[in-house]
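The values are calculated or read from the model by the stated rules, or taken from the named source; none is laboratory data. These numbers were taken from a predicted model, which means no experiment stands behind them. Virtual Cβ from ideal backbone geometry, glycine too; neighbours counted across all protein chains shown. The area values use the complete protein model at the heavy-atom level, side chains included, leaving out ligands, DNA and RNA. Shrake-Rupley method; radii C 1.70, N 1.55, O 1.52, S 1.80 Å.
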Amino acid sequence: MTDQIARDETVVIGAGIVGLATAFHLATGGHRVRLVERGGVAEGASFGNAGAFAFTDILPLASPGILRKAPKWLLDPLGPLAIPPSYLPRIAPWLLRFWRASLPDRYRHSIEAQGNLMRLAARAMEAMVAEADLGGHVRRDGNLQLYESEAELAASQPGWDARAREGIVFEHVRGARLAELQPGLSPRFVAGTFTPHWQTVDDPYHFALALFRAVMARGAALTHGEVAAIEPCEGGVRLRLAGGETLEADRVVLAGGAWSRPLAAALGDAIPLETERGYNTTLPPGAFALNRQLTFGGHGFVVTPLSTGIRVGGAVELGGLKLPPNFKRSEAMLTKAAAFLPGLRTEGGKQWMGYRPSLPDSLPVIGTSGASPRVFYAFGHGHLGLTQSAATGRLVADLAAGRPPSIPLDPFRPDRF
Ligand SMILES: Cc1cc2nc3c(=O)[nH]c(=O)nc-3n(C[C@H](O)[C@H](O)[C@H](O)COP(=O)(O)OP(=O)(O)OC[C@H]3O[C@@H](n4cnc5c(N)ncnc54)[C@H](O)[C@@H]3O)c2cc1C
């Protein structure tokens, strides 16, 4: 079957949160938009994440701090960071780049870039939530990061100083203030940091589906299919689908999350995209009286209050796209959460694993392909794709309209590696 597509369409490959927010901005800007998705809408990483608009989370994972913590974390096979031995040779070049990105100069550069993108992320999300009528999905009650000792808080202080320089508001709390922000914590937690401007959604899947409906209401179309190749051609771009069909488009945005690398590589853009696999368990609603999202930074996981339950998870497993999930990681975090939140009811949970699309410098790729000015990239948001989705949509819409982008895009260029 040949799908006849008018050339004035802008095709967005991938209906995850980044593709949806990009489609939203393009459709709002007057483009005829078609989403092409091989699975269900928002059934990739955008389905089961921790639901945070982590606007204050500007410190790249690639940092001097992580290099200090990594050896200890790697010793624990179910700890916050794991590399399955069989994947080590494959990920070694990425790890080398990660290490380089952690060096002080580059780290500072990444914080500045991330700070710029996050300020835009907060503004663009506020605007998209208002325009798409998504306000009912958003909780504005901040995040509480927890520490087991004053020494752990002191060790995190340089990171808070860096955030302060980027204008981020936070409050270190102890005693009654800590207990007021979250009653029922284990006494092992002696201090916390409250970031009031952090937000969460009622459920990331519900949020994405509501955004999808807003995109469709603006005249977009959805094609179900897997894009096998992107081919720039005279006056447009041709997409070959795995089923043999072709689509023609005026412009194309690749927002395929962790699966974007081969399509970009075939265009000559070698982008070192890997995946940081993350795990969680969603317990039934009422499993704990949680006032807001909690971050257990020393253990690499968060606990989030959703309308659909209490979600416990995080962790990073550098294991690629093919190895089977190891749900012992979900169980290990749940066991810790039960110790940290005495009274947490741990029965009846649903486990999930998702593929964060990650670049070694912890910054996404947002920019134009070297192969064609009509092909744009919007992927690699790692831990922050939900948070930065609206900003990415706005930036891609700027590029597609030939406007100067809302922030400098140099740090996010596809050819920076
Ligand atoms: C445990 C965990 C917790 C997280 N918590 C947070 C959080 O609290 N806040 C936050 O901001 N981020 C969080 N993240 C990260 C966030 O989930 C991702 O950054 C984000 O979902 C990426 O969105 P995406 O649209 O790029 O990718 P995806 O949601 O994976 O979507 C990509 C889509 O592209 C489609 N696709 C790929 N290739 C093709 C092709 N060739 N043809 C057609 N379709 C294709 C896929 O089927 C998929 O639907 C978390 C991630 C994990 C794993």
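Give the residue list of trypsin sites (Lys or Arg not before Pro) in the stretch 138-169 that are DSSP loop and have at most 12 other beta-carbon atoms within 10 angstrom.
Answer in residue order: ARG140.
Got a number for carbon plus sulfur as a percent of the chain's accessible area, 1.4 Å probe?
The C+S portion of the solvent-accessible surface of the chain is 55 percent.
Near the amide H of LEU267, under 5 Å away, which other amide H atoms are found, from residues 5 or more places off or on another chain, if H is placed in the peptide plane?
Excluding prolines and chain starts, which carry no amide H, there are no hits.
On full extension of the chain, what length is gained from ARG140 through PHE327, given 0.36 nm per residue of separation minus the C-alpha to C-alpha distance?
64.2 nm
In degrees from 0 to 90, rounded to the nearest 10, what is the angle of the helix 17-28 Cα long axis to the longest principal axis of the chain?
It works out to around 50 degrees.
Using per-residue counts of other Cβ atoms within 10 Å, averaged over each peptide, order 102-112, 199-209 from highest down.
Output ranking for 102-112, 199-209: 199-209, 102-112.
Apply the Karplus parameterisation 6.51 cos²θ - 1.76 cosθ + 1.60, with θ equal to phi minus 60°, to every residue of the stretch 35-40 and state each ³J(HN,Hα) to the nearest whole Hz, in sequence, with x for glycine and proline.
8, 10, 9, 7, x, x
For the chain, take the longest principal axis of its alpha carbons; what is the angle in degrees between that and the long axis of helix 104-131, to the nearest 10 within 0 to 90?
Taking the Cα atoms of the chain, the angle to 104-131 is about 70 degrees.
Report the calculated FRET efficiency for GLU126 and GLU166 (r = Cβ-Cβ distance, R0 = 22 Å), to the nearest 0.05.
0.75
State the antiparallel share, in %, of DSSP beta bridges confined to the chain, rounding to the nearest 5.
If I count the DSSP bridges inside the chain, around 70 percent turn out antiparallel.
Take the alpha carbon gyration tensor of the chain, find the square roots of its eigenvalues, order them as a ≥ b ≥ c, and report rounded if a/c is under 1.5; if not, report prolate when a/b exceeds b/c, else oblate.
The shape class here is prolate.
Would you mind classifying the stretch 113-194 by shape? Square roots of the alpha carbon gyration tensor eigenvalues, ordered a ≥ b ≥ c; an a/c under 1.5 is rounded, otherwise it is prolate if a/b is larger than b/c and oblate if not.
On the way: a/c = 3.66, a/b = 1.52, b/c = 2.41.
Since a/c reaches 1.5 but b/c is at least a/b, the shape of the stretch 113-194 is classed as oblate.
Nearest 0.05, what FRET efficiency do ARG7 and MET216 give at R0 = 22 Å with Cβ-Cβ as r?
So, using R0 = 22 Å, E works out to roughly 0.55.
Over the stretch 265-334, average the accessible area per residue using a 1.4 Å probe and give it in Å², no decimals.
With all protein chains present, the stretch 265-334 gives 31 Å² per residue.
Arrange the residues GLU331, GLU171 by how much accessible surface each exposes, largest first, with a 1.4 angstrom probe.
I get GLU331, GLU171, largest accessible area first.
Kindly write out, for the stretch 214-226 in residue order, the coupling ³J(HN,Hα) from the Karplus curve 6.51 cos²θ - 1.76 cosθ + 1.60 (θ = phi - 60°), rounded to whole Hz, with x marking Gly and Pro.
In residue order, the calculated couplings are 5, 5, 5, 5, 9, x, 6, 10, 10, 10, 8, x, 9 Hz.
Per-residue counts of other Cβ atoms within 10 Å, averaged by peptide: what ranking do you get for 18-28, 225-235, highest first?
The packing order, highest mean first, is 18-28, 225-235.
Place a point 7 Å from the Cα of ASP76 along the Cα-to-Cβ direction; which residues of the stretch 337-359 have their backbone N under 17 Å from it?
The answer is 337-342, whose backbone nitrogens lie closer than 17 Å to the label point.
Identify, among TYR107, TYR147, GLY135, the residue whose Cα sits farthest towards the positive end of the charge dipole of the stretch 75-205, taking +1 on the Cβ of Lys and Arg and -1 on the Cβ of Asp and Glu, with the dipole about the Cα centre.
Most positive-ward Cα: TYR107.
Whole number in Å², please: accessible area per residue of the stretch 50-113, 1.4 Å probe, ligands, DNA and RNA not counted.
55 Å²
Rounded to the nearest 500, what is the chain's calculated 222 nm mean residue ellipticity when only DSSP H runs of at least 4 contribute -39500 (n - 2.57) each, over all residues?
Details: 10 runs with 135 residues, N = 417.
Taken over the chain, the calculation gives -10500 deg cm²/dmol.
Using a Förster radius of 51 Å, what is the FRET efficiency between ARG100 and SER186 based on their Cβ-Cβ separation? Nearest 0.05, please.
Working: r = 38 Å, r/R0 = 0.75.
Between ARG100 and SER186 the formula returns 0.85.
Skipping prolines and chain starts, which residues have an amide H placed within reach, meaning under 5 Å, of the one on ASP361, given they are 5 or more residues away or on another chain?
none
Report the residue, chosen from ALA154, ALA332, ALA15, that carries the largest GNM mean-square fluctuation when the chain is represented by alpha-carbon nodes joined by springs under 10 Å.
Maximum among the listed residues: ALA154.
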